[in-house]
Amino acid sequence: MVHATERKVVDVVLVGGGHAHVHVMRAFGMQPDPAVRLTLIARDLETPYSGMLPGHVAGLYDRDDIHIDLQQLARATNTRLIHAEAVGLDRAAKRVLLQGRAPIAYDVVSLDTGIVPPADAIPGAAEHALAVKPIGSFLARFDALRARCAAPDGPRRIAMIGGGAGGVELLLSVRTRLRDEARIAGLDPEAFAFTLVTGGSLLAGHNRAVRAAFGRVLGDAGVTVHDRRVASVHADRLTLDDGTAVPCDAALLVTGAAPPAWFRTTGLDLDTGGFIAVTPTLQSTNDADVFAVGDCASMTGSPREKAGVFAVRQGPPLARNLLARARGEDLSPYRPQASHLALISTGTRYAIASRGALKLESAWLWRLKDVIDQRFMAMYRDIQPMPMPPMPVDDDMRCGGCAAKVGPAPLANALERLSGAAPREDAAIIPVPSDRRSLVQTVDFFRDFIGDPFVFGQVAANHALNDVFAMGGTPHHALAIVTVPPGRASGTAETLFQVLAGAKSCFDTEGVQLAGGHSGEGAQLACGFSVTGFVEVDRALRKSGLQAGDALILTRPLGTGILFAADMRARARARWIEAALTEMCTSNRAAMQALLDHGATAATDVSGFGLIGHLAEMLSASGMAATLDAAAVPLYAGVSDLAAQGFASTLLPDNLANEGFVAGVLPDALKAILFDPQTAGGLLAGVPADRAESCVAALHAAGIVHAAIIGRAEAGMPRVRLALRQAQHEAV
Ligand SMILES: Cc1cc2nc3c(=O)[nH]c(=O)nc-3n(C[C@H](O)[C@H](O)[C@H](O)COP(=O)(O)OP(=O)(O)OC[C@H]3O[C@@H](n4cnc5c(N)ncnc54)[C@H](O)[C@@H]3O)c2cc1C
């Protein structure tokens, strides 16, 4: 066998954070192969565990109890996480096509994307029914339904379309929740009417005793059962195939399964239902580098129902076979079990067991189900970061100086792939305007802390533009500098392309030309830009213009240093990182414009020195003091908690060199926040007090919803006095 460090790095890409893929992440993380890089492409960063969904709907579990946080799992297992939706495979070029961004290269790819509701299977269902898949959007819409049902004149007639285990369990759970909440709100729970339409047979596939038990449970719960098919769904009723009208105010849909439409464009063999046909080794029957598992796959010769239990069981053989394929070793077949034990809850802490001819029921079975489900979730939650092996390189006697460039082709190729033409000259020629405008120039550079090179490129580009916006300028062009860790040539070229593609997506939106750049090898992926812009000199914003009485406005929440410090330790929640990255990938141009329109006297962007560090620069330059209202400072979600737990950036001690600017003693957590270094941070500006409120209103109207007045400038020695009130305001 070839020793790991002597082999090329193989890119194994997982599409979809389904039940089998979370196991692959854990297995690869626990036994890392330095020559295999694992990437997960996930549309949703919090992946629901369907076994606990009915319990959550019934109010027995919190939202976090039933979700696996893919951000934390990816960090802990050293999986590269790409938050994007796959929309196709280019199998000739071996790339996964993504919605709205550059494709991702693979050597071996695995699909575990689950199913989608069957499109147009029932006329009107798409408009009027609440489909349970995908579960993420179902939960949001179910919460909205709950809110409407809590009103005295809200929906009362609830119908479920689908009489399988999922539909029955979910309807009983919905019933429990809506009735409980009605009781709490002082409404009559008996006013609700629940209907189940089974499509012809209740719990098909389960034995007679199980069907009878659920018939009894549904009867006791007062659920009306129609053993018919739904012909059409309307805003106020279902029409059954015998013409019966079933009045309903809200319909839920748990029927059938359809594959994602893009499977049809892949050229992969599909079964008659459109699911990916796979061999017992879980490989596509016509492409050995494509694997598929879970609901989206169909095993030729061993078809099984679409159930999470099969996706879970496929995890270990999938992990083994992906690794074997990456290493060029033999694969082993997987034989799914013929039947499985189903523990189906009754919407309460009570369950009915079904397997073959077996039927049992008791509260004890619900507790067993709970233990099994919790044990599954525990494998993927709060796990400690696993050690990362060093990546192998093609040659460890690598040259420095200009010989450490990433070869001549990758940069030119990346720019050509992005712009349609490779740069031909040694330097960019930029026409300079002949009017009164002056150049503004800036440069920024830092190493990757995100893991997704495309998003890193976007953040780095936005960060670099911020200095120009802070001056009230208009960025014009940028030059890139990128270092990529040495490795397989095609891998470094692809990473370089991803970084520049992300940056260019940001520059294109801003009308900024990416005029060229330089790339080299470095220990880590790092990227920066020299940005040149123009500014009308008499409109330029400087740090020195603050006037006594000016309101201090901050346009973006604080806390990126704390969040990503926690993220490195797999302790930041996916939704916190997602929300912060959304802001960090958003331009400050509109913020700058609103500040200029409201007579801003001074501005700076909040970056590495933290809020106090940059405020101190303004105060020193302007010869002013300031009072800061700590409670008004907007924070990213999660930052207060993480700061209280002691998470802080490694740069914090350096930033605290400015602590002397603050009068009095700060609590540690607040100190970590106010001195937290920001990447792609907001603008901090002085605005005349009489225009500050309308400035904030204009910022909010422009979508800069966290902008806030955080203090005021005052005559005096450059110092910051803190007005401490109640807890910090945290962005949601
Ligand atoms: C109400 C209900 C209760 C159920 N209870 C049970 C039960 O108790 N036991 C059981 O065995 N089964 C149960 N099931 C069935 C179960 O939900 C599925 O069989 C199971 O979720 C399939 O797992 P999977 O890994 O194939 O896909 P999923 O769990 O659906 O995961 C797919 C993942 O892929 C992501 N994704 C989708 N498309 C893309 C894309 N284009 N790009 C990137 N990412 C993408 C999604 O965000 C998701 O995270 C239940 C189903 C329902 C509706």
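What the table below lists for this structure:
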{"quantity": "Counted residues, the stretch 636-683 - those being closer than 19 Å to residue 449 by Cβ and within 21 Å of the chain's Cα centre (by Cα)", "calculated": "9"}
{"quantity": "Some residue of the stretch 70-80 being in contact with a strand residue (DSSP E or B) (Cβ under 9 Å, 6 or more places away or on another chain), open to solvent by 50 Å² or more (accessible area, probe 1.4 Å), more than 9 Å from the ligand (Cβ to nearest atom) and at pLDDT 95 or above", "calculated": "yes"}
{"quantity": "Single residue of the stretch 421-444 satisfying the filter (of a type in the set (D, E, K, R) and modelled with pLDDT of 75 or more) that is most open to solvent (accessible area, probe 1.4 Å)", "calculated": "436"}
{"quantity": "The stretch 27-78, residues that are among the polar types (S, T, N, Q), out of contact with any helix residue (DSSP H, G or I) (no Cβ under 8 Å at 6 or more places or on another chain) and assigned to a loop (DSSP other than H, G, I, E, B)", "calculated": "31"}
{"quantity": "Test: residue in the stretch 397-420 that is out of contact with any Cys (no Cβ under 6 Å at 6 or more places or on another chain), modelled with pLDDT of 70 or more and not in a helix (DSSP H, G or I)", "calculated": "yes"}
{"quantity": "Subset of the stretch 245-268 [hydrophobic (A, V, I, L, M, F, W, C) and within 13 Å of the ligand (Cβ to nearest atom)]", "calculated": "252, 253, 254, 257, 258, 261, 262, 263"}
{"quantity": "Residues (open to solvent by less than 70 Å² (accessible area, probe 1.4 Å) and either part of a loop (DSSP other than H, G, I, E, B) or among the aromatic types (Phe, Trp, Tyr) (or both)) located in the stretch 356-373", "calculated": "356, 366"}
{"quantity": "Test set (1) within 14 Å of the ligand (Cβ to nearest atom); (2) crowded, with 22+ Cβ neighbours inside 10 Å - residue 97 fails condition number", "calculated": "(2)"}
{"quantity": "Residue check for residue 26: within 26 Å of residue 368 (Cβ to Cβ) and open to solvent by 50 Å² or more (accessible area, probe 1.4 Å)", "calculated": "yes"}
{"quantity": "Candidates 687, 665, filtered to the one that is among the aliphatic types (A, V, I, L, M) and free of Cβ contacts under 8 Å to residues at least 60 places away in the same chain", "calculated": "665"}
{"quantity": "Flag for residue 20 being closer than 22 Å to residue 260 by Cα and open to solvent by 20 Å² or more (accessible area, probe 1.4 Å)", "calculated": "no"}
{"quantity": "Any chance residue 478 is open to solvent by less than 10 Å² (accessible area, probe 1.4 Å), farther than 24 Å from residue 676 by Cα and not in a loop (DSSP other than H, G, I, E, B)", "calculated": "yes"}
{"quantity": "Any chance residue 493 is surrounded by fewer than 24 Cβ atoms within 10 Å (Cβ to Cβ) and touching a residue at least 40 places away in the same chain (Cβ under 8 Å)", "calculated": "yes"}
{"quantity": "Filter result for the condition that a residue is away from the ligand (no atom under 16 Å from the Cβ), assigned by TED's automatic domain parsing to the domain that holds residue 347 and in contact with a Pro (Cβ under 9 Å, 6 or more places away or on another chain), over 187, 139", "calculated": "187"}
{"quantity": "Filter result (surrounded by fewer than 22 Cβ atoms within 10 Å (Cβ to Cβ) and under 20 Å from residue 17 (Cα atoms)) within the stretch 284-298", "calculated": "289"}
{"quantity": "Matching residues in the stretch 21-64 - criterion: being within 28 Å of residue 487 (Cβ to Cβ), of a type in the set (A, V, I, L, M) and within 8 Å of the ligand (Cβ to nearest atom)", "calculated": "41, 42"}
{"quantity": "Among residues of the stretch 617-651, those that are hydroxyl-bearing (Ser, Thr, Tyr) and buried (at least 21 other Cβ atoms within 10 Å of the Cβ), counted", "calculated": "3"}
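Listed here are the residues, each with its yes/no results for (1) touching a Pro at 6+ places or on another chain (Cβ under 9 Å); (2) basic (Lys, Arg); (3) within 15 Å of the ligand (Cβ to nearest atom); (4) open to solvent by less than 40 Å² (accessible area, probe 1.4 Å).
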residue	(1), (2), (3), (4)
270	yes, no, no, no
275	yes, no, yes, yes
300	yes, no, no, no
305	no, no, yes, no
315	no, no, yes, yes
319	no, no, yes, yes
327	no, yes, no, no
343	no, no, yes, yes
354	no, no, yes, yes
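Listed here are the residues, each with its yes/no results for (1) at negative phi; (2) open to solvent by less than 10 Å² (accessible area, probe 1.4 Å); (3) within 16 Å of the ligand (Cβ to nearest atom); (4) aromatic (Phe, Trp, Tyr).
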{"position": "87", "(1), (2), (3), (4)": "yes, no, yes, no"}
{"position": "90", "(1), (2), (3), (4)": "yes, no, yes, no"}
{"position": "111", "(1), (2), (3), (4)": "yes, yes, yes, no"}
{"position": "130", "(1), (2), (3), (4)": "yes, no, yes, no"}
{"position": "153", "(1), (2), (3), (4)": "yes, no, no, no"}
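Let's see how each residue does on (1) without any contact (Cβ under 8 Å) to a residue 12 or more places away in the chain; (2) polar (S, T, N, Q); (3) open to solvent by 40 Å² or more (accessible area, probe 1.4 Å); (4) within 16 Å of the ligand (Cβ to nearest atom):
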site: 127; (1), (2), (3), (4): no, no, yes, no
site: 163; (1), (2), (3), (4): no, no, no, yes
site: 168; (1), (2), (3), (4): no, no, no, yes
site: 176; (1), (2), (3), (4): no, yes, no, yes
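The values are calculated or read from the model by the stated rules, or taken from the named source; none is laboratory data. Please read these numbers as outputs of a predicted model, since none were measured by experiment. In this analysis, Cβ positions are derived from the backbone assuming ideal geometry, glycine residues included, and neighbour counts consider all displayed protein chains. Quick note on the areas: whole protein, heavy atoms, side chains included, nothing else; ligands and nucleic acids left out. Shrake-Rupley method; radii C 1.70, N 1.55, O 1.52, S 1.80 Å.
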